Each structure stands twice: as structure tokens, then as C-alpha cells.
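The structure under discussion appears below in the form of C-alpha cells.
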Amino acid sequence: MLEQYWALKREVPDAILLYRLGDFYEMFFEDAEVAAPLLGLVLTARHRDTDVEAPMCGVPHHALESYVARLVGAGRKVAIAEQTEAPQKGKALVARAIVRVITPGTLVDPERLDARQANDLAAIVLGGEAPALAYLDLSTGDFSAIRLDGTTPGEMLSRRTAKELVAFPSEREAVARLLEPLGSDAPVLSVLASESPRGRGAADLLEGHFRTSTLAGFGLPSSGPLVEAAAAVLAYARSTQKADCAHVTTLRTASAGEGLVVDAVTQGHLELFRSLRDGGRTGTLLSVVDRTGTPFGARALRRILEQPLGSKEAIEERLDAVEELVGAPSRLEPLRAALATLPDLPRLLARVAVGSATPRDLGALGLGLARAAALAPVLDGSVSALLSPGGAAYPSGVPDALAARLASTLVETPPVSSKEGGLVRDGADADVDGLRRLRLDAATLLGALEAAERSRRGIPTLRVKFNQVFGHVFEVPGSARAKIPEDAVKRQTLASVERYATAELVALDEKLRSADERLAEREAEIFRDLCDAATAEADAVGALSSRLGLLDVLASFAGVARAERWCRPRMVDEPTLSIEGGRHPVVEALRRRESFVPNDTDLGGDARVVILTGPNMGGKSTYLRQNALVVLLAHAGSFVPASAATVGLCDRIFTRVGASDSLARGESTFLTEMAETAHILRHATARSLVVLDEIGRGTATFDGLSLAWAIAEHLHDAPGAPARVLFATHYHELTELALVRPGVKNRTMAVKEWKGEVVFLRKVVDGVADRSYGVQVAKLAGIPAAVTDRAKEILRNLEKQQLDVGGRPRLAEHAGAPPASDVQLDLFRGQEEVVVDALRRLDLDTLTPLAALNVLASLRARLEGSE
């Protein structure tokens, strides 16, 4: 037995092998030592305290799936070795084989998966002319190959996460190093057994799977990293499932840079999918816009938010469909109600294709297809391209023949396991009906035989019983043993009863047992035929699911737009952003009791960079995020939270909002901030939206101000600089950029002081903030009055005396501590050059006398402050 075990273990050296022994799955040696603490099992051993000690532990067969899920959830791979033949007399060891390998990226059991999120398996190829990635969600058959086109593999894996990453053996160490910066978000790394499939072998594998003679139809070259990555992920999936994965019927080729790119940092800052507060789903954009009725619709929505559209025509198509649904509530509500009744069609089909389906899965698939067929009439009369017959969201192509066959063959409530029997509907199969009639007649035949034997023997308590070992027997009390005929076959003698059989009973028992076996075999055969029929329609079911998923997303967008009073954005080619009455969708949804204060935005043209000042708690960060979310939603094809919006096409959204650090990588808040800002400065284009919040606050005041000033200048001056920049800051000196840079505009969050208290109006207005109200905010936060009073006193001194000779705030001196000996160089040393530059930029033909006086006063104050 151990020789057989080690032979199987060599097939899966990196997996925990669960080896079927009777009613248990056993684990041995290192596998047992690893699994026991993870599963809470007692570790035992055979030949304990000897040189051949064998640690072991096991789980009962009926609880296998729950234990497998716990191991996979801990990031382990699990291999299942089953008995492949029945025990035979004279043969000590039955044959066993590994029937499946379960890994984090190859789960297909719906009970172990998040229904509203993809479970991606990815493969990476680093060699060749350019790295490439491929993604396969085995639970749905969704398959795509990604050209990175300048995007780093790490960045792409951060944007679109995977549960597991497959690599070739020769690239294992390089891929492992690549995953290190991802920390706890890194996928489990798995390595193929060999360098195959690479080169021509990769193309052969894909062409064989899709039954084509070329890969050109999928947008793939005949060779290269893109082909090898796609082949690697498919080969790994097929090897773990021990199946052809026939539900994987198509392959999409995409570029990492297509559409509106929203990198992982921006996803985090905008809280698209995970809340910064607790990492959960509540408080995210997804939680607000996800009103889908189906699990596959929810997954489609997430994918759309991960990579919104970049084509104006495609965006307008979606907006047309959403607008039509918004304007037709009599169509929208029945549509959403019908969608909510659909099961998870892609995942049901995947389980069928990999051999994990139950009769209940087939029944749900048939019912879902029948309900999907009823959706098309709801859309009758639609005029938008997506919702009309032939449109990408029109529910056509339902495999009606398969739906009808499943409905006519399976019982209304199929059993959980095909081994239970009773899955075929009466009248669906003549053989099944005949065998069932025989079983029904058995009760009458057994009853007659029992009555005759009772009368013949004179034993009124004689009964016919059934035993799994002996079959049907006559059972009499022990006191009646003497009345048992001599020619009877004695089956079992117990203390209180005697069991025997006669020739008639043996013959009837054999007939009935044969009928049961034949009935089970016939029902199992019908089940396999139905699975094959469903797998043959994988292409049709997959295409239908894609259309239904998009339809569900559009209905969700329309439902949100109607309920939340969102408007249709006007999409334009110019890099502009004009919003009237914009709102933050998540803040508004979470604070229903408060009236959200809407704000306008005007970016682009003369206002390329907006410097936003204002106090803490004034609403700056909310304002920054809501503008980014409006742009993202518009590119997703959704209505937006505003009274009106004009959104210019955007290639990327960059954000640097809020404090964060990376302690696992030894990076401070400031270093993380600078790294993210550096990424923005390197990659932002004229079509990008850049949102920055309090850049430079994590270091010394003048260091931070210097950096903030230089970064703002760069975003304004650099060739190809972005035309839409929102820059929130507490450095009020930064507002003076508007004097020397024509595309910089100052705006601020309005506040009012009332009886010594500050009132935050949360309204964006033109101008600059005169102060930050930090002491007042501290008071609101509960800082003791003694501390805030002392802070006010120090603040008054600072405001009077401003800076010492070195340009450093004289905080230590005013606070009663000895003055610092070292001083920081003045940021604005060389003010004459700045003033001359400002004078050169003035448009004297349009400058009014009052404006000229204000400019001169400002420039004079600057020169006097530098003396």
C-alpha cells in the first residue's frame, strides 16, 4: 500500500495527498504533519518510536469537501486519490488514481467560492520580447491573454488579482522575486512540471483545444510569450482537473493599457472594492452600484469597474441602453425581477464540464436556461443597440433543446448525488420505468411470500427483513427456531432472533437486487449523457451568460440612476471635466440623514490645475474623490451622481489621497507617498486625470512645501502634462502659483465663524483659504481645552512674528523651548527671478487697474518677505 502511495505522491510532490482508505481519506508523513494543525486533527503514527515511524491523520469521506476547502483556504494544494475499482476476492490491494487536484486557483465548488467575484488562475511568461500574462477563471471558463505593453507584471497583478500564479520552472525564482512587493496580496505560486508547453508546443495545445488551425482569430501570434502564457494556464488547469475543460470555449486578447486604466493604488484610494476602514465591501463604490440580480452579473460589473471603457462609441452605447431603461420603469422592474431568478449559469456549466456536477446542478442549469428564454419578450420594442435583437446585451441564443431535454428527463427536485438514484422523471425512459415497476411489484410479491411462509410454519410473528449483507431474509423469534425447515438457508443467528431464507425468497431477492443494480446503472448512464449534452452546448451557454451578465449590469446601472437621481454624462473628446452639482456616491449613500452638499467642478482649458485649500474636515478629500469617481463611472457606461456632467475621454486616473505606508516592505508613509507620486509624474499624459491630496505633509514643513511646489509646477509645465489636475493642500503659499502659471486656479472650501466656532459649509468656491482652522478641528475632536488654548496662544505669536532669519517657523522659541541651532534654507530664496517671471507673464492688454494693483501688492510682499 505504501508503495502505491509513494507512486501517487510523486505525481503531486507539491500537494497534500488525500489517499482513500475505506471510509476515510488518509494523509501520511510530511503531509500529515502539515495538515493536522491546519485541520485541527490529532496526529497519530504507525510504528511509533521506530526508525520507520509513519505520522498520519485522516478525515471521514462524507466531510471531504469541507476539509479540502480549509486546506485550500490556507493556500495549500490538495490531491484526491480515489479507489478506481471495487474490492475483489484474492486481491489485497485495489487500484487507486489521482482523480483531481484542487488549488486556490482551480476551485469550482460554488459553496467554496465568492459568488460575486472571479476566481482567477493566472500564468506569467517573463522571457521573450515582452512579458505576458494570461487569466483563466476555471469556475466560469472566462479566458484572456494580456499584452502588458509597458505595464509591469507586478502592476497588472495588483490591478487584476489572481488566486494562483503559474510559472515555468526556468522562471520560478524571477517570478517569486516579482511577487515579493505584493506582500499578503500575492497569489500562490505554482510551477509547471516541465518547460512544456513552450514554442510551437504552446500553439499546438491552444489550436488543439479550440479545434482551429490558426490562432489569428483570437488575436494571437503563432508564437511568443502571449501564446505561451495562455497555453501554460490552460495546461495547468487541465492537469489539475484531469479533464479537457471543454467549457473553456473562447479566448480574448487584450492590452493592459486599453480602456481607462485604474491602477491598484487608485483602486485603493478611491475605495472601489475594499474599504480603507476595515477592508470590507461596505463603504465601497461597488457596494453602491451593485444592484445586480445574478452572481455572474455581479462579476461582470466588477470587471467593468476594474477596466472601464476607453472608446467614446462603446461608452455611448452603454449610456443609450441605461437611458432607455431609466426612462421605462415598466420594463426595468420586471427585467430586474426576472434576472434575480437566474442561477449561476457559467459556474454550473463549469462543474458539468470538469465532472464535478450533481443532478441538482443539472436541474438548476435546465431551469436557468428556461427562465433565460423568457427574458427576450421583456425587451420587445427596445431601440438602443445593446438591448435590441442581435445586441451584446440581448438574451438570444438560448439552447432550447438542451433546456427541454433537462426539464423532461430530470425530476423536479433532483437528488444531491447521482448515487442516490431517483433522478430520472417517470415516463422519461422506458428502461427506468420497467425497473421501477418491478421494484414496486416487489412489495406485493414479498408480502405474499411472507404471508404464505407465516401460514406454512405457524409463526405469527414471522417477518421479511432486508440486510445489506444477506439480502432479504425471513426473521423469526429465537423461540421459533425449531419450526425452521431443514432445507432452509440459515443466514444469521442472534440471541433473540433467527434469520433464514428459502429457495423462493433467494430467487426473488436476486431478481430484486439485479433490478436495483440495473436501475442505478441506467440512471447513471442517463446522467452522463445529460452532462455530455450540456458540455456540448458550452459555447452557447457561455455566450448567453456573457449577454445576460451585461444586461444585468445595465439594469443595475439604471436602477441606481433612478433611485439616486443620477444624470447621463456628456462624453467629449477634449480633455475637460465640467460637473454641476457633483456628489460622492458612497458618502451620500452612507449618510442618508445628512443632506449632501453638491459641488461644481471646472477642469481643463484655462483651469488645468486647481489648487484646493481649506480646513481639515472641510470636505477636500471627499471632493477630490467624487470627481475621480464621476470620471470612472462615466467611462464604465453608467450615469453619474451629478445634476449635469461633461466628461472628456480619459486614459488613466491617478490618485494620491490619504496617508498610507508599507510596513511589510519597510517603507514609511512619506516614502510611500513619494513613490506613488513618482509613478504619477512618469506616467500621466495630457488625457489623464490627476488627483493629489496634501503632497509633502509627511516631512519637514519646508521640505514638503518645496516638493509640493515643484510637483505642481511640473504637472503644469511639463510637455504633455495632464490637462486635469486637482491638488489639495494646506500649504497656502502654494496658491501663489496662480500668479505665475496661467493654467493654475485657486479654489477653497468655504467656512464660516460663528461666536468663536467654525462652521464647515463644504462648498467649493473661488479663492484661497485664509487659515486652516486646525486648532478648532482639534477642539471638535476632543483635545482638552488647556491644550487648544495654549495652541491658540502659540499660533498668535507665530502669526505675528512669522519666520526667523533662516526662514524657519520660530515654533520652538514661542513654545518656551530653546531655539534650534540649525535652520532650514528658505524655499523662496531668489524671489527676484520669480517676480520678474511673473511680470513677464502678465497680459497687460486685459489687466484691469484694480487687478494690477493687487498683483503689484502681492509681488512687493513677496520681495519684502524674502529680505
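The values are calculated or read from the model by the stated rules, or taken from the named source; none is laboratory data. Everything numeric in this text was worked out from a predicted model, so none of it was measured. Cβ placement follows ideal geometry from the backbone for every residue including glycine, while neighbour counts extend to all protein chains displayed. Note: accessible area is taken over every heavy atom of the protein model, side chains too, but ligands, DNA and RNA are not part of it. Shrake-Rupley method; radii C 1.70, N 1.55, O 1.52, S 1.80 Å.
Name the single residue that is farthest from ASP717 (Cα to Cα) among those in segment 581-604 being open to solvent by 50 Å² or more (accessible area, probe 1.4 Å) and without any contact (Cβ under 8 Å) to a residue 40 or more places away in the chain. Top of the filtered list is ARG593.
Tell me, which strands (runs of 3 or more DSSP E) lie completely within segment 142-216 with 3 or more residues that are out of contact with any Gly (no Cβ under 9 Å at 6 or more places or on another chain)? First the steps, then the outcome.
Values: elements: 142-147, 164-167, 188-191.
Answer list for segment 142-216: 142-147.
Report those helices (runs of 4 or more DSSP H) wholly inside segment 261-340 carrying at least 3 residues which are touching a Lys or Arg at 6+ places or on another chain (Cβ under 8 Å) and either open to solvent by 50 Å² or more (accessible area, probe 1.4 Å) or among the charged types (D, E, K, R) (or both). Per the criteria, 295-306. Within segment 443-495, can you find the residues that are closer than 13 Å to VAL506 by Cβ and assigned to a loop (DSSP other than H, G, I, E, B)? PHE470, ASP487, ALA488 - these are the residues of segment 443-495 that are closer than 13 Å to VAL506 by Cβ and assigned to a loop (DSSP other than H, G, I, E, B).
Here is a yes/no grid of residues against (1) within 30 Å of GLY363 (Cα to Cα); (2) surrounded by 12 or more Cβ atoms within 10 Å (Cβ to Cβ):
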{"site": "GLY422", "(1), (2)": "yes, yes"}
{"site": "ASP431", "(1), (2)": "yes, yes"}
{"site": "GLY447", "(1), (2)": "no, no"}
{"site": "GLU450", "(1), (2)": "no, yes"}
{"site": "ARG457", "(1), (2)": "no, yes"}
{"site": "GLN468", "(1), (2)": "no, no"}
{"site": "PRO485", "(1), (2)": "no, no"}
{"site": "ALA488", "(1), (2)": "no, yes"}
{"site": "SER514", "(1), (2)": "yes, yes"}
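Listed here are the helices (runs of 4 or more DSSP H) enclosed by segment 1-89 that have at least 3 residues being touching a residue at least 12 places away in the same chain (Cβ under 8 Å) and hydrophobic (A, V, I, L, M, F, W, C): 29-39, 64-73. Screening the candidates ALA353, ALA340, ALA321, ALA328 for the property of being in contact (Cβ under 8 Å) with a residue 24 or more places away in the chain, farther than 30 Å from ALA235 by Cα and more than 21 Å from the chain's Cα centre (by Cα) yields one hit, ALA321.
Looking at segment 163-183, is at least one residue free of Cβ contacts under 8 Å to residues at least 40 places away in the same chain, surrounded by 22 or more Cβ atoms within 10 Å (Cβ to Cβ) and of a type outside the set (S, T, N, Q)? Checked segment 163-183: no residue is free of Cβ contacts under 8 Å to residues at least 40 places away in the same chain, surrounded by 22 or more Cβ atoms within 10 Å (Cβ to Cβ) and of a type outside the set (S, T, N, Q).
Between GLY327, GLY293, the distinction of being small (Gly, Ala, Ser), at pLDDT 95 or above and under 19 Å from PRO641 (Cα atoms) belongs to GLY327 only. Taken over segment 203-219, residues that are farther than 17 Å from ALA246 by Cα and basic (Lys, Arg) amount to 0.
Scan segment 521-543 for residues that are assigned to a helix (DSSP H, G or I) and either open to solvent by 60 Å² or more (accessible area, probe 1.4 Å) or charged (D, E, K, R) (or both) and jot them down.
Here is the first cut: in segment 521-543, the residues assigned to a helix (DSSP H, G or I) are 521-536, 538-543.
Residues satisfying the conditions are GLU521, ARG522, GLU523, GLU525, ARG528, ASP529, ASP532, ALA536, ASP539.
Considering (1) in contact with a Gly (Cβ under 7 Å, 6 or more places away or on another chain); (2) closer than 29 Å to LEU192 by Cα; (3) open to solvent by 80 Å² or more (accessible area, probe 1.4 Å), the lone condition that PHE24 does not fulfil carries the number (2).
For segment 673-716, the set of residues classified as closer than 23 Å to THR613 by Cα and out of contact with any helix residue (DSSP H, G or I) (no Cβ under 9 Å at 6 or more places or on another chain) consists of GLU673, ALA678, ALA700, THR701, PHE702, ASP703, SER706, ALA710, listed by residue number.
Looking only at residues of segment 672-692 that are hydroxyl-bearing (Ser, Thr, Tyr) and closer than 24 Å to MET571 by Cβ, we find that the one that is surrounded by the most Cβ atoms within 10 Å (Cβ to Cβ) is SER688. Kindly check whether there is at least one residue in segment 749-759 that is within 24 Å of VAL835 (Cα to Cα), small (Gly, Ala, Ser) and either in a loop (DSSP other than H, G, I, E, B) or touching a strand residue (DSSP E or B) at 6+ places or on another chain (Cβ under 7 Å) (or both). Within segment 749-759, not a single residue is within 24 Å of VAL835 (Cα to Cα), small (Gly, Ala, Ser) and either in a loop (DSSP other than H, G, I, E, B) or touching a strand residue (DSSP E or B) at 6+ places or on another chain (Cβ under 7 Å) (or both).
Out of ALA403, ALA370, one residue alone is more than 22 Å from GLU324 (Cβ to Cβ), surrounded by fewer than 20 Cβ atoms within 10 Å (Cβ to Cβ) and not aromatic (Phe, Trp, Tyr). It is ALA370. The sole residue among ASP433, ASP426, ASP400 that is in contact with a Lys or Arg (Cβ under 8 Å, 6 or more places away or on another chain) and not hydrophobic (A, V, I, L, M, F, W, C) is ASP426. All of LEU226, LEU189 fail the test of being closer than 20 Å to ALA174 by Cβ and open to solvent by 40 Å² or more (accessible area, probe 1.4 Å), apart from LEU189.
Could you please let me know if GLU510 is open to solvent by 30 Å² or more (accessible area, probe 1.4 Å), over 30 Å from GLY355 (Cβ atoms) and either hydroxyl-bearing (Ser, Thr, Tyr) or part of a helix (DSSP H, G or I) (or both)? Don't jump to the end; show me each part of the working.
On the way: open to solvent by 30 Å² or more (accessible area, probe 1.4 Å): yes; over 30 Å from GLY355 (Cβ atoms): yes; either hydroxyl-bearing (Ser, Thr, Tyr) or part of a helix (DSSP H, G or I) (or both): yes.
Here the answer is yes, as GLU510 does meet what is asked.
Do you know which residues across segment 470-483 are open to solvent by 30 Å² or more (accessible area, probe 1.4 Å) and of a type in the set (A, V, I, L, M, F, W, C)? Those that are open to solvent by 30 Å² or more (accessible area, probe 1.4 Å) and of a type in the set (A, V, I, L, M, F, W, C): PHE470, ALA482.
Here is a yes/no grid of residues against (1) within 30 Å of THR282 (Cα to Cα); (2) open to solvent by less than 10 Å² (accessible area, probe 1.4 Å); (3) among the acidic types (Asp, Glu):
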position	(1), (2), (3)
ILE98	no, no, no
THR103	yes, yes, no
LEU113	yes, no, no
ALA118	yes, no, no
ALA122	yes, yes, no
VAL125	no, yes, no
ASP137	yes, yes, yes
PRO153	yes, no, no
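Scan segment 124-175 for residues that are among the hydroxyl-bearing types (Ser, Thr, Tyr) and farther than 20 Å from VAL248 by Cβ and the total you get is 5. When each of SER356, SER384 is tested for being open to solvent by less than 60 Å² (accessible area, probe 1.4 Å), modelled with pLDDT under 95 and touching an Asp or Glu at 6+ places or on another chain (Cβ under 9 Å), the lone residue that passes is SER356.
Quick one: which of LEU445, LEU440, LEU435, LEU402 is at pLDDT 95 or above and at negative phi?
Details: LEU445 fails: at pLDDT 95 or above; LEU440 fails: at pLDDT 95 or above; LEU435 fails: at pLDDT 95 or above.
Every option except LEU402 fails the conditions.
Residue-level analysis places LEU530 among those that are farther than 30 Å from ALA321 by Cβ and in contact (Cβ under 8 Å) with a residue 60 or more places away in the chain. Of all residues being within 25 Å of GLY774 (Cβ to Cβ) and of a type in the set (Asp, Glu) in segment 706-748, which is modelled with the highest pLDDT? Just the residue, please. It comes out as GLU736.
With respect to the conditions (1) outside any loop (DSSP other than H, G, I, E, B); (2) open to solvent by less than 20 Å² (accessible area, probe 1.4 Å), VAL248 falls short on a single one, namely (1). The set of residues in segment 46-60 being surrounded by 13 or more Cβ atoms within 10 Å (Cβ to Cβ), more than 17 Å from ALA79 (Cβ to Cβ) and modelled with pLDDT of 90 or more consists of PRO55 alone.
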